[in-house]
Each structure stands twice: as C-alpha cells, then as structure tokens.
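Comments concern the structure below.
The values are calculated or read from the model by the stated rules, or taken from the named source; none is laboratory data. If you're wondering where the values come from, they're calculated on a predicted model, not measured in any experiment. Glycine also receives a Cβ, built like all others from the backbone with ideal geometry; neighbour counts cover every protein chain displayed. SASA here: full protein model, heavy atoms, side chains in, ligands and nucleic acids out. Shrake-Rupley method; radii C 1.70, N 1.55, O 1.52, S 1.80 Å.
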Amino acid sequence: AMTAAAQDFGFSFDWGDIPLCTSGQPNIVPNPLFELHDVPQGAVSIAFTLTDLDVPTYPHGGGRVRLSGEDRIAPGAFTYKSPCPPSGRHTYEWRATVLDKDGKPIAEARASRRYP
C-alpha cells in the first residue's frame, strides 16, 4: 500500500455555522470540519491550534484529536475560542501537528482564512 510522506500532509477547513462574532469577546464553539489529506503513516493523533495572525498573542486554543484512519475531523471533536475580531476582518490560521504513538510530531501543516 502507498503511504503518504510527512511533507505531503495537509488539510482544509470551513468556519461552519459558528455564531457571527465581531465584538472582540470570542464564543466557545465546536471545532470546524477539517478535511485531511495525505496523513502520514504512524499518525495516532493531531493537535490543532488557532492563531489570529493580526493579534498572534491572543490564546484561541485548540484541541487534540485521536485518529483512526479517517480523513475528516467532524465539528465537536473539541472546543476553542471562536474568531472574533473587534474591528474589520482578521486572518486566522489553524496549525495541525500530527503526532505518533509517543506523542512526537511527525508532520505539520497550516491553513488560514479571513473572518468574518
């Protein structure tokens, strides 16, 4: 069987139906749908972290999800502080770190979108 190389790992996401937030006071919401591709062999879990690239010091959080061969992470696998720029649009970036059975990183990918 063909297995993906760590450098080929990637993912995409959509904000989904989270409540619109532009007050600077984020809501606690379920994670978006993540579409994974080329998950490397040996992957046991993925740690997701959200960063507002316009205010990178704000802790939006993220979560860790156990894998079992799926190529999608459904909403509700973890919660985080939603995107919620106090003025205008910000660019937000999810970082996904693939971990092996010992919790060591074996691949990483990033995906970003503007909000709202």
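Descriptive notes on the structure:
- Lone qualifier among A6, A1 - being of a type in the set (G, A, S) and either surrounded by 12 or more Cβ atoms within 10 Å (Cβ to Cβ) or at pLDDT 95 or above (or both): A6
- E108 in contact with a Lys or Arg (Cβ under 9 Å, 6 or more places away or on another chain) and either acidic (D, E) or in a loop (DSSP other than H, G, I, E, B) (or both): yes
- Just one of the listed residues (A43, A47) is farther than 18 Å from Y115 by Cβ, in contact with a Lys or Arg (Cβ under 7 Å, 6 or more places away or on another chain) and not in a helix (DSSP H, G or I), namely A47.
- When residues of the range 12-25 are limited to those that are part of a loop (DSSP other than H, G, I, E, B) and of a type in the set (S, T, N, Q), the one most open to solvent (accessible area, probe 1.4 Å): Q25
- Residue count, the range 104-115 (criterion: free of Cβ contacts under 8 Å to residues at least 24 places away in the same chain and over 15 Å from F13 (Cα atoms)): 2
- The set of residues from the range 26-53 being of a type in the set (S, T, N, Q) and open to solvent by less than 60 Å² (accessible area, probe 1.4 Å) comprises N27, N31, S45, T49, T51.
- Residue that is most open to solvent (accessible area, probe 1.4 Å), among those in the range 54-105 that are part of a strand (DSSP E or B) and touching a His at 6+ places or on another chain (Cβ under 8 Å): K81
- Given (1) within 28 Å of T22 (Cβ to Cβ); (2) among the basic types (K, R); (3) under 14 Å from the mean Cα position of the chain (by Cα), number of the condition R89 does not satisfy: (3)
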